[in-house]
Amino acid sequence: MDLEARLDRIEAEAAIRRLVSAYCFTIDDRDLPAIAALFADDARVASEDGVMEARGIDAIMAQYLRRFSVLGPGAHYMHDVVIDFYDGDRDRATGRVSGHAELWRRDRMMVAALRYRDTYVRTPAGWRFGERVLGFLYYVDVADYPGILGHRDRNRAYDTPMPADFPEPLPSWSGYGEGAAHG
């Protein structure tokens, strides 16, 4: 990779990290125009549990408005960001982002550990989300937080608890014991 390509990749990574950070502030501030500006026109926003599924800015914004109607104040924090670039396409990248959120939902304080599976696309306006898929390790009332990792039904954001989106369904999680037994 020549110097120009290396510099472009460094600048792209910085812009994508800024995009990921901006998501937290705009969501927590309910800054609707700024939220819409984070996404490519044909972007998709979904959740592993199937509750969220929207494609295109109008559908994405309608989905966020529905989500905001059941949420009070909250704070989203992103922790680790891994960005993978395509050698053959300098205008596209994928990423995995881990984080947590502190939220007022269903008239109580809740906490969530989450991951995003992202696709980023370079547009004339800069890097944008092409796809953002949300998954939960847990989403729970703070009173139920102690010991929550001892349960499979750790997504308790809804009336009926649901299984967590990770790590149990991951092939690496189910397969690690087999390798350890033979190691």
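Bear in mind that the values in this text are calculations on the coordinates, not laboratory data. This one's a predicted model, so the numbers in the text were calculated from it and none came from an experiment. Positions of Cβ are backbone-derived with ideal geometry, glycine not excepted, and every protein chain shown enters the neighbour counts.
With θ taken as phi - 60° and the coefficients 6.51, -1.76 and 1.60, list the Karplus ³J(HN,Hα) couplings across region 69-85 in order, rounded to whole Hz; mark glycine and proline as x.
5, 10, 10, x, x, x, 9, 9, 10, 9, 10, 10, 10, 10, 10, 10, 9
Treating only the Cβ atoms of Lys and Arg (+1) and Asp and Glu (-1) as charged, compute the dipole magnitude of the chain about its Cα centre; round to the nearest 20 debye.
For this selection, approximately 320 debye.
Near the amide H of M52, under 5 Å away, which other amide H atoms are found, from residues 5 or more places off or on another chain, if H is placed in the peptide plane?
Answer set, sorted by chain and number: S47.
In nanometres, what is the gap between the two model label sites at A62 and R117, each 7 Å from Cα along Cα-to-Cβ?
Going from the A62 label point to the R117 one covers 2.5 nm.
Quick one: Karplus J couplings for region 103-117, per residue in order, coefficients 6.51, -1.76, 1.60, θ = phi - 60°, nearest Hz, x for Gly and Pro?
Ordered by residue, 3J(HN,Hα) equals 9, 9, 9, 6, 6, 7, 7, 10, 10, 9, 9, 9, 9, 10, 10 Hz.
Checking understanding here: applying a Kyte-Doolittle mean of at least 0.0 and a length along the axis of at least 27 Å (C-alpha), which whole DSSP H helices in the chain pass?
Correct list, ordered by number: 3-29.
Under the rule of at least 5 residues apart or a separate chain, name every residue whose amide H is placed under 5 Å from the amide H of Y158.
Correct list: empty.
Kindly put R55, R105 in sequence by how many other C-beta atoms sit within 10 Å of each C-beta, fewest to most.
Final ranking by Cβ density, sparse to dense: R55, R105.
Apply the Karplus parameterisation 6.51 cos²θ - 1.76 cosθ + 1.60, with θ equal to phi minus 60°, to every residue of region 41-49 and state each ³J(HN,Hα) to the nearest whole Hz, in sequence, with x for glycine and proline.
With the stated coefficients, region 41-49 comes to 4, 9, 4, 10, 10, 9, 10, 4, 7 Hz.
Report relative contact order for the chain in percent, whole number only (criteria: Cα-Cα under 8 Å, sequence separation at least 6).
16
When Rg is the radius of gyration of the Cα atoms in region 24-183 and Rh is its Kirkwood radius, what does Rg/Rh come to?
1.00
At 222 nm, what value in deg cm²/dmol follows for the chain if DSSP H runs of at least 4 each add -39500 (n - 2.57) and the sum is divided by all its residues, to the nearest 500?
-10000 deg cm²/dmol
Sort H151, H76 by Cβ crowding within 10 Å, fewest neighbours at the top.
Least crowded to most crowded, the residues run H151, H76.
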